[in-house]
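Okay, so here's the structure we're looking at.
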Amino acid sequence: MKSVLPVLTVVGAILLFWVVSVVPMNMHLTADLAQRQNIAVSPDTPVARQEYSGIGLTLRNTHLFGMTYTLDRPRLPSPHQVAVEMWDTIVMKNVTSRRSLVYHGWVTLSATLLGFAIGTGLGILLAVGIVYNRAMNMSVMPWAIASQTIPILALAPMIIVMLGSIGIQGLFPKAVISAYLSFFPVVVGMVKGLRSPDGMQLDLLRTYYASPNQAFWKLRLPASVPYLFASLKIGISASLVGAIVAELPTGARAGFGARMLVGDQYGQPMVTWAALFAAALTAAALVGFFSLMERWTLRRMGMQAA
């Protein structure tokens, strides 16, 4: 309970701020709608003047507060509007429907998992090479760090266009971008983990005439497991972000990114926000899965999770 209370407090504060912000964000739209419906609006309220303060407009027309939470196309949807849209598109729609967030979630998740598998495998191999090979340590690690300075929004279209020009389309280009974002945390975490054994432990293995392979399997790899799981939890979230970003420049018809595009292009903010929250919940579920795997693995190894 003690660990849950701080999380609930932060979530409650965010929801409260969100609910309060709906009124000033949507008040101009509400006043326009009220005038068209002949609902009383303060006569000295210059609705059309953009320089007029939204707060002032709100204070002059407090009887319109309720309407700000029920607009069809608000600037900022209220929490209950987003919740209704998510219920409708997750629970009420058939999972094979193009309006179902379950369907779109699977499209994004498939690219996420493939990219994560590629990025994790590449990251572990690079980390082993960096730890055991001085030349790779001096050459690969700086390039791995430098690769993360390139904005993914600029890189994603280039990768998709380049792969598309040679006939590679669909799932794999999105997976490549996911792998690009997920491999770096794994590299850094595994390098730190493989180097975590102290000098006394390594000297003890040398005393027993242990080979480098035995030192890797018996000492370095087990010591790196906590670092690996910490990296995996970061990497899976980054991989999901990469899959969503990869869907944006392609004009994809399926996936969380596609739903966000539909909401923006057709003026349906609830669609955009529902897809955004569904992606956040997916990321939380994936991180939670790896947290459970971490506890189970460390318990089997006789270690305690942080």
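Inside region 61-89, can you point out the residues that are open to solvent by less than 50 Å² (accessible area, probe 1.4 Å), modelled with pLDDT of 80 or more and not hydroxyl-bearing (Ser, Thr, Tyr)?
71, 74, 76, 77, 79, 81, 82, 85, 86, 88
So for region 86-93 (the condition being touching a Leu at 6+ places or on another chain (Cβ under 8 Å) and in the same structural domain as residue 194 (by TED's automatic domain parsing)), does at least one residue qualify?
Within region 86-93 (the criterion being touching a Leu at 6+ places or on another chain (Cβ under 8 Å) and in the same structural domain as residue 194 (by TED's automatic domain parsing)), the answer is no, since none of the residues qualifies.
Mind checking which residues of region 191-205 are in contact (Cβ under 8 Å) with a residue 60 or more places away in the chain and assigned to a loop (DSSP other than H, G, I, E, B)?
Result: 195, single match.
Just to check your reading of the model, which residue among 144, 111 is in contact with a Pro (Cβ under 9 Å, 6 or more places away or on another chain) and in a helix (DSSP H, G or I)?
After applying the criteria, what remains is 111.
Kindly list the number of the only condition in (1) open to solvent by 70 Å² or more (accessible area, probe 1.4 Å); (2) outside any helix (DSSP H, G or I) that fails for residue 167.
All conditions pass for residue 167, except number (1).
Would you mind finding the one in 156, 135, 179, 117 that is part of a helix (DSSP H, G or I), over 24 Å from the mean Cα position of the chain (by Cα) and among the aliphatic types (A, V, I, L, M)?
135
Can you tell me which residues in region 170-200 are crowded, with 22+ Cβ neighbours inside 10 Å and of a type in the set (Ser, Thr, Tyr)?
Matches in region 170-200: 178, 180, 182.
Yes or no, residue by residue, for (1) within 18 Å of residue 124 (Cβ to Cβ); (2) among the aliphatic types (A, V, I, L, M); (3) in the same structural domain as residue 240 (by TED's automatic domain parsing):
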residue: 152; (1), (2), (3): no, yes, yes
residue: 163; (1), (2), (3): no, yes, yes
residue: 168; (1), (2), (3): no, yes, yes
residue: 172; (1), (2), (3): no, no, yes
residue: 186; (1), (2), (3): yes, yes, yes
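What number of residues within region 191-218 are out of contact with any helix residue (DSSP H, G or I) (no Cβ under 6 Å at 6 or more places or on another chain) and hydrophobic (A, V, I, L, M, F, W, C)?
Qualifying residue count, region 191-218: 6.
The rows are residues; the columns are (1) touching an Asp or Glu at 6+ places or on another chain (Cβ under 9 Å); (2) open to solvent by 30 Å² or more (accessible area, probe 1.4 Å); (3) farther than 26 Å from residue 284 by Cα.
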site	(1), (2), (3)
95	no, yes, no
103	no, yes, no
112	no, no, no
130	no, no, yes
133	no, yes, yes
140	no, yes, yes
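Per-residue answers, yes or no, for (1) outside the structural domain of residue 144 (by TED's automatic domain parsing); (2) closer than 20 Å to residue 302 by Cα; (3) of a type in the set (A, V, I, L, M):
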| site | (1), (2), (3) |
| --- | --- |
| 204 | no, no, yes |
| 207 | no, no, no |
| 216 | no, yes, no |
| 225 | no, yes, yes |
| 232 | no, no, yes |
| 236 | no, no, yes |
| 254 | no, no, yes |
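Of the residues 287, 225, only one is modelled with pLDDT of 90 or more and under 11 Å from the mean Cα position of the chain (by Cα); which?
The conditions single out 287.
The values are calculated or read from the model by the stated rules, or taken from the named source; none is laboratory data. Predicted model only: the values in this text are computed from it and were never measured. No Cβ is skipped: glycine too gets one built from the backbone with ideal geometry, and neighbour counts run over all protein chains shown. For the accessible areas, the whole protein counts, side chains as well, though only heavy atoms, and no ligand, DNA or RNA atoms are used. Shrake-Rupley method; radii C 1.70, N 1.55, O 1.52, S 1.80 Å.
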